[in-house]
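FYI, it's all coordinate maths here, none of it is from the lab. Just so we're clear, the structure is a prediction, and the values are computed from it rather than from any experiment. Note that each Cβ is placed from the backbone with ideal geometry, even for glycine, and that neighbours are counted across all protein chains shown.
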Amino acid sequence: MNPTLSTRQVQQGQSQKLMIFVLSMALFGLGDLVTEMIPDVAIGSIELGIPYFGFIGLILVMLLNPFYAALGASVGEVIFSDLLMGDFGGLGEIEGVLTLFIGLYIAGLMVKNLKSKASIAAAGMVGVAVEQVLSGLADCIKVWIGVSDIDAIKGLPESILVLEIIECSMEFVVAGIIVGIIPAMYLIPRLHGKIEPLLGMKPREGSISKVAAGSFLALAAGVFVVAMLFGVLGEVVDIGAWKPDFIDQFGDGFVWIGIVIAAVVVAIVFFIKSKSRNKEYTRAG
């Protein structure tokens, strides 16, 4: 094997993973900022809103490397929607990052046929359901061990679970299905084979083996335990919180600054990959 060629392939692989991470971070963060501008709808005492555009995360993890796309999307939510807007809750935010990562990663690993709407819908359903169940379970555990409060019905501890089920169900329907799986079913088959070459990648095919899937489930359980530890620690100790709240200071228009920054990052990623492909073609010629 040519050692120079091997080194070049490793560098290209690392470069692709970094680009996927940055692209996912910027695109998911961009979508998260757009949801900030969409008002919630109140139905009685229940408020309906879009927590995030689920289809963006599903498209990224199914078309690109699932691990780096899921990690980039979950980190992008914190960087663009929290830190950049001046509303970062500290260590407790890591819990949300990890649970979203697990859900998106599972969805990316489970999809078997990127041309099949049924396969995309099934993988997306499982991934979103896992993320919502883990998030709700984490909230319940924090209440049960006494580090967090919730507006439960007095004298009825079981109401905590009921409220979490209602909230998670609403998010599952809105973020998971309406602005998640339904758009993804139509967009992924059309984008498959068209987006990947722009990043210098071959289109993804198939899913992981059962052995790899079993190993990942064990890893996911470990990641959830770590997420819980950060969630509990974030409730007990206020470390790393940063809340100047720029939207309150400068108005809703401040969100556009974040949107522009995220859009510029996306444009830079595609520009760099375009230049890289041109160099490769020149070298090959």
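Modelled this way, with points 7 Å down the Cα-to-C-beta line, the labels at Ala267 and Ile141 are 4.3 nm from one another.
When the chain is fully extended, how far beyond the present Cα-Cα distance does Val225 get from Val173, taking 0.36 nm per residue of separation?
Going from the current span to full extension adds 16.1 nm.
Taking packing as the residue-averaged number of other Cβ atoms within 10 angstrom, the listed peptides 53-63, 236-246 run from highest to lowest as 53-63, 236-246. The modelled label-to-label distance between Leu233 and Asp245, using points 7 Å beyond Cα along the C-beta direction, is 2.7 nm. For the peptides 99-105, 120-126, the ranking by mean Cβ contacts within 10 Å, running from highest to lowest, is 99-105, 120-126. Each peptide in 218-225, 74-81 receives the mean, over its residues, of other Cβ atoms within 10 Å, and ordering these scores from highest gives 74-81, 218-225. If the segment from Lys112 to Ala129 were pulled out straight at 0.36 nm per residue, it would be longer than the present Cα-Cα gap by 4.3 nm.
For Leu198 and Thr35, a Förster radius of 35 Å and the Cβ-Cβ distance give a FRET efficiency of 0.85, rounded to the nearest 0.05.
Given the pairs Lys17/Lys117; Lys17/Lys112; Lys117/Lys202; Lys117/Lys273; Lys115/Lys202; Lys112/Lys273, which span a C-alpha to C-alpha distance of over 18 angstrom in this model?
Working: Lys17/Lys117 26 Å; Lys17/Lys112 21 Å; Lys117/Lys202 21 Å; Lys117/Lys273 29 Å; Lys115/Lys202 15 Å; Lys112/Lys273 28 Å.
Checking Cα-Cα distances, Lys17/Lys117; Lys17/Lys112; Lys117/Lys202; Lys117/Lys273; Lys112/Lys273 exceed 18 Å.
The 3J(HN,Hα) values that the Karplus relation (6.51, -1.76, 1.60; θ = phi - 60°) gives for the stretch 20-33 are, in residue order, 5, 4, 5, 4, 4, 4, 6, 5, 5, x, 4, x, 5, 5 Hz. Gly and Pro appear as x.
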